[in-house]
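S.K.: Structure incoming, see below.
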Amino acid sequence: MELKEYIKIFREDIKLFLAIILVIVMASFAYFALRSISYSSSLVLNITRSGVQQTADYRYDDFYRLQADDKFAETVVEWLKNPRIVSDIYAKSGIGTEALSLRKLSKIFAAEKRSSQVVSVSFSTQDEKTAEKISKAIFEVISENTKSLNKNQNESTWFEIVAQSPVVVQDKVASAIIFLASMALGVFLAFWVVMIRHYLK
């Protein structure tokens, strides 16, 4: 089939072609306008020590301390993937987890070790207040678990958690991106609808 034949087909069904594109674009904007608002939150947990090793000798502790901090950062990351810890965090926030499976609980928080002493935690909520409650609960639960590990240690320079204020932003998609994506989808669907309609004739 030559190009002029394609052009002829689309000229005959130009109204249908444009209508499908318009419907897809309008539906896309309606979906993003009517969907529930969500917020993305980011919290930084800093791993520090409760004291400093006092010695006049060469301080090997500076080297081994960084290694220990690095391993403990990995522990904190694993805690935030554990359903038990996540349940404790939600309970402290006043949020029920009865409807959530173990798999969903383990995926609520995206925790990542940024350095040997920094763990970044991100998650989504429906409002800013809930994000602040959860952030506070994360700090409290992780601190409690850290203290429970410290109880059996003889060292006075054991781990402590310091949390910064969370950053909470509303999830938004740029109008230009919505328009371009919906246009591309609309053209694709309209093309095949017109071609199938022509074939069935």
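S.K.: Exactly one condition in (1) farther than 30 Å from A184 by Cα; (2) modelled with pLDDT of 90 or more is false for V52; which is it?
M.R.: Going through (1) farther than 30 Å from A184 by Cα; (2) modelled with pLDDT of 90 or more one by one, V52 breaks only (2).
S.K.: Can you tell me which residue is surrounded by the most Cβ atoms within 10 Å (Cβ to Cβ) among those in segment 140-161 that are of a type in the set (V, I, T) and at pLDDT 90 or above? Steps first, answer last, please.
M.R.: First, pick out the residues of segment 140-161 that are of a type in the set (V, I, T): 141-142, 146, 157, 161.
Narrowing further to those that are at pLDDT 90 or above: 141-142.
Values: V141: 22, I142: 24.
Result: I142.
S.K.: If a residue must be within 18 Å of the chain's Cα centre (by Cα) and assigned to a loop (DSSP other than H, G, I, E, B), how many such residues does segment 68-100 contain?
M.R.: Residues flagged as within 18 Å of the chain's Cα centre (by Cα) and assigned to a loop (DSSP other than H, G, I, E, B) within segment 68-100 amount to 4.
S.K.: Same structure again: Residue by residue through segment 82-107, note down the ones that are closer than 20 Å to S120 by Cβ and either surrounded by fewer than 18 Cβ atoms within 10 Å (Cβ to Cβ) or not assigned by TED's automatic domain parsing to the domain that holds I138 (or both).
M.R.: The answer is N82, S106, K107.
S.K.: Another question, then. Let me spell it out: the conditions are (1) in contact with a Phe, Trp or Tyr (Cβ under 7 Å, 6 or more places away or on another chain); (2) in contact (Cβ under 8 Å) with a residue 60 or more places away in the chain; (3) among the aromatic types (F, W, Y), and F109 meets all of them except one. Which number is the exception?
M.R.: (2)
The values are calculated or read from the model by the stated rules, or taken from the named source; none is laboratory data. All of these numbers come straight from a predicted model, not from anything done at the bench. With ideal geometry, Cβ positions are generated from the backbone for all residues, glycine too; neighbour counts draw on all protein chains shown.
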